[in-house]
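None of the figures in this text is laboratory data; all of them are computed from the coordinates on show. All figures in this text were calculated on a predicted structure; none of them were measured in a lab. As a convention, Cβ positions derive from the backbone with ideal geometry for all residues, glycine included, and neighbour counts pool all protein chains shown.
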Amino acid sequence: MELLRKLEILADSAKYDVACTSSGSGRKGQPGKIGNTVQAGLCHTFTADGRCVSLLKVLLTNICAYDCKYCVNRRSNDLPRAAFTPRELAQLTIEFYRRNYIEGLFLSSAVLKNPDYTMEQMIHTLELLRGEYGFNGYIHAKTIPGADPVLVRRLGLLADRLSVNIELPSEASLSLLAPDKGRKAIFRPMGQIAQTAQENSRELQVYRSAPKFAPAGQSTQMIVGATPETDYQILNLTQGLYKKYSLKRVFFSAYIPVVEDSRLPALDVKPPLLREHRLYQADWLLRYYQFDAGEILDKENPNFNPYLDPKCNWAVNHYHLFPVDVNRAPYEMLLRVPGIGPRSAKRIRTARRQQTLDWEGLRWLGVVLKRAQYFITCKGYAGPHSPRREMVVRSLLDPKAFGYGSYQTSMFDNDTPLLAEAAPQVQQLAQEGMAPALAAKTVEEEAVKWLAAKL
Ligand code: SF4
């Protein structure tokens, strides 16, 4: 098979993998070597549905010995198959790099023969790239669940970032839809990577020239919407993964139906993009806003509010804790005010040591007063006098949930397409024949009434 045809097949097969950011690596340029992850990491581009993809995101092969029900590359699916030899892939990467088409490589693979054989092929590819071709750019490699720990270690010494896809949020779903992959086969390499990375950082403190093991850490990816787990279960699992395995990122991928199977959503079901978006927002709260998963969702409210981002939803549910005085409130409480992010909270903390902050000062510090005004007091000023509850709610609504986002200006144009992230309620009305703009307006008014009653 021609190399270009292989590339076409294997780049297409890799498009459902979303874990592809290159942040966190510090591999600097070296004399006599090509590439530099500091200046530019993996190249990214965005697909129409907002997914981030790299320019060379490719599988070593899509010939798979496994039969995961949700996967387009599964053994039983009839599609064109191809496999690169390690030299073909190494040469292709370096040629693309030299032409400035790409900045790095995101390498994943189906299971060719067995996990160990596949990993050996991946390692051979990276050895050629790093050794023979002197490639010093960013490499993100996926480890194959079930591979020998020695191979995981060797791969980690060649790549900047490793990832092991957790795939589905529970063991029950995993054994139902991916019977070849056990929970142990996924969590064992994750644990090994976390432990080896810790040992490696201690080693590097003593021997500065010691080889680096996955310096950009590890990440994972979870498919959302293929199985019945709630957002609460997914978020709890996410928090557990960050704590136990020191993951850099957990990526969420809205399930795109590609397979007809009674255990999976039907082919005409739309990918749950709004849910994926909410999970990323909640993930942000865990990592940067000092939230605990149990504060964002709980057993009684196991799913995200479609109309509000998780932080605004928390503020609505804890309205009795507001307003807070920005000149006195602890940093942790500032982080919980809608319209104040970690950067503006830090700026407030620093600035208020020197002076008492007023409204104009907050604006200068980057506070989004449109939202924050209902939740703060400042130098005697307590925001709009007795604001109507509807006003507060309207300031918090997420425009994406109503399908207009950046189309807001043409909201009343009935030909304006709904954004794919629109709330399911809006999509349903539009599917039933209501004009998109009217559907969005109808759902928005109901959401305002419902949320105002909660305040
Ligand atoms: S192992 Fe499963 S998820 Fe991975 S390529 Fe094969 S069928 Fe797809």
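Counting only aspartates and glutamates at least 8 places from K248 when in the same chain, those with an alpha carbon closer than 15 Å to its own are D160, D283.
Which percentage, to the nearest 5, of the DSSP beta bridges contained in the chain is antiparallel? Expressed as a percentage, antiparallel bridges in the chain total about 20. Projecting label points 7 angstrom from Cα along Cα→Cβ for K299 and T230 puts them 0.9 nm apart. Computed 3J(HN,Hα) for the stretch 201-218, one whole-Hz value per residue from the Karplus formula 6.51 cos²θ - 1.76 cosθ + 1.60 where θ = phi - 60°, is 5, 5, 4, 5, 5, 8, 10, 5, 9, 4, x, 8, 9, 5, x, 8, x, 10, glycine and proline marked x. Eigen-decomposition of the gyration tensor built on the alpha-carbon atoms of the chain gives equivalent ellipsoid semi-axes of 42, 28, 20 angstrom, largest listed first. Compared with the alpha-carbon gap, the fully stretched path from Q355 to V206 is longer by 49.1 nm at 0.36 nm per residue. Helix 149-158 versus the longest principal axis of the chain: what is the Cα-based angle in degrees, 0 to 90, to the nearest 10? Relative to the chain, helix 149-158 is tipped by roughly 80 degrees. On full extension, the segment bounded by L157 and R5 gains 51.6 nm, given 0.36 nm per residue less the C-alpha separation. Can you give the angle from 0 to 90° between the axis of helix 115-127 and the longest principal axis of the chain, with both taken from C-alpha atoms, to the nearest 10? That helix lies at roughly 90 degrees to the long axis. When each of the peptides 191-198, 276-283, 101-108, 368-375 is scored by the mean number of other C-beta atoms lying within 10 Å of its residues, the order from highest to lowest reads 101-108, 276-283, 368-375, 191-198. Report note on the peptides 231-242, 313-324: ranked by the mean count of other C-beta atoms within 10 Å, highest first, their order is 231-242, 313-324. Averaging the sequence gap over all C-alpha pairs within less than 8 Å and six or more residues apart, then dividing by the number of residues, gives the chain a relative contact order of 10 percent.
Extents of the stretch 49-174, taken as max minus min of Cα coordinates on every principal axis and listed largest first, are 44, 37, 26 Å. Counting only alpha carbon atoms, the long axis of helix 3-13 and the longest principal axis of the chain meet at about 40°.
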